[in-house]
1. Hey, among Arg71, Arg123, which residue is open to solvent by 60 Å² or more (accessible area, probe 1.4 Å) and either of a type in the set (Lys, Arg) or touching a Phe, Trp or Tyr at 6+ places or on another chain (Cβ under 7 Å) (or both)?
2. Out of (1) open to solvent by 50 Å² or more (accessible area, probe 1.4 Å); (2) not in a loop (DSSP other than H, G, I, E, B), what's the single condition that is false for Ile54?
3. Looking at (1) surrounded by 16 or more Cβ atoms within 10 Å (Cβ to Cβ); (2) assigned to a helix (DSSP H, G or I), which one does Trp41 not meet, given that it meets all the others?
4. Residue pairs, Cβ under 7 Å, 6 or more apart or interchain, first in region 3-32 and more than 15 Å from Ala126 (Cβ to Cβ) and open to solvent by 30 Å² or more (accessible area, probe 1.4 Å), second in a loop (DSSP other than H, G, I, E, B) and among the hydrophobic types (A, V, I, L, M, F, W, C). List them.
5. Residues of region 98-110 being assigned to a strand (DSSP E or B) and open to solvent by 60 Å² or more (accessible area, probe 1.4 Å), which ones?
6. Among (1) part of a strand (DSSP E or B); (2) over 22 Å from Pro11 (Cβ atoms); (3) touching a residue at least 24 places away in the same chain (Cβ under 8 Å), where does Leu87 come up short?
7. Considering region 111-120 alone, what residues qualify as being open to solvent by 30 Å² or more (accessible area, probe 1.4 Å) and touching a Lys or Arg at 6+ places or on another chain (Cβ under 6 Å)?
Amino acid sequence: MDITIHQSFLPHIDPDESVAFYRDVLGFEVRADVGQGTWRWITVGPAGQPDTAIVLQPPVCDPSISEDEKRTISELMAKGNYAGVNLATPDVDAAFNEIQAKGVDVVQEPIDQPYGLRDCAFRDPAGNLIRLQQAG
């Protein structure tokens, strides 16, 4: 069986801020931008990796979500505890320095984790946790 990860979904609050973050801070390509206003589904992904993408979507776009659930999601997003993604780079320290210089919300500077990875963490404009791990 040959299975790969094609797309992951992360919520956005402000689509323009999210595009600026993923494009200008992380260097991702914007591959699609569908919808209007804040109701936009934006597909971004690393340059040179057309089969891997993140879809940024409105956080409460499912009509089956109740008002209480919408409030809970909004509260979790505000705390930065709702969604996240792990990314990888060959040099986490260099990438961190470049990303930090662009004024992101840093959660953790690069450290060697006890489970064998070197990583750092920051948040995107919607509060999603982005962990950046040393590849290889």
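1. Within the list Arg71, Arg123, the selection yields Arg71.
2. It is condition (1) that Ile54 fails.
3. Result: Trp41 passes all but (2).
4. Gly27/Ala47; Glu29/Ala47
5. The answer is Asp105, Val107, Glu109.
6. All conditions are met except number (2).
7. Asp112
Let's see how each residue does on (1) of a type in the set (Val, Ile, Thr); (2) over 17 Å from the mean Cα position of the chain (by Cα); (3) farther than 22 Å from Tyr82 by Cβ:
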{"position": "Gly37", "(1), (2), (3)": "no, yes, no"}
{"position": "Val44", "(1), (2), (3)": "yes, no, no"}
{"position": "Gln49", "(1), (2), (3)": "no, no, yes"}
{"position": "Asp68", "(1), (2), (3)": "no, yes, no"}
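The values are calculated or read from the model by the stated rules, or taken from the named source; none is laboratory data. Quick caveat, the model's predicted, so the values are computed rather than measured. Backbone-built Cβ (ideal geometry, glycine too); neighbour counts: all protein chains shown. The accessibility values were calculated without ligands, DNA or RNA, using every heavy atom of the protein model including side chains. Shrake-Rupley method; radii C 1.70, N 1.55, O 1.52, S 1.80 Å.
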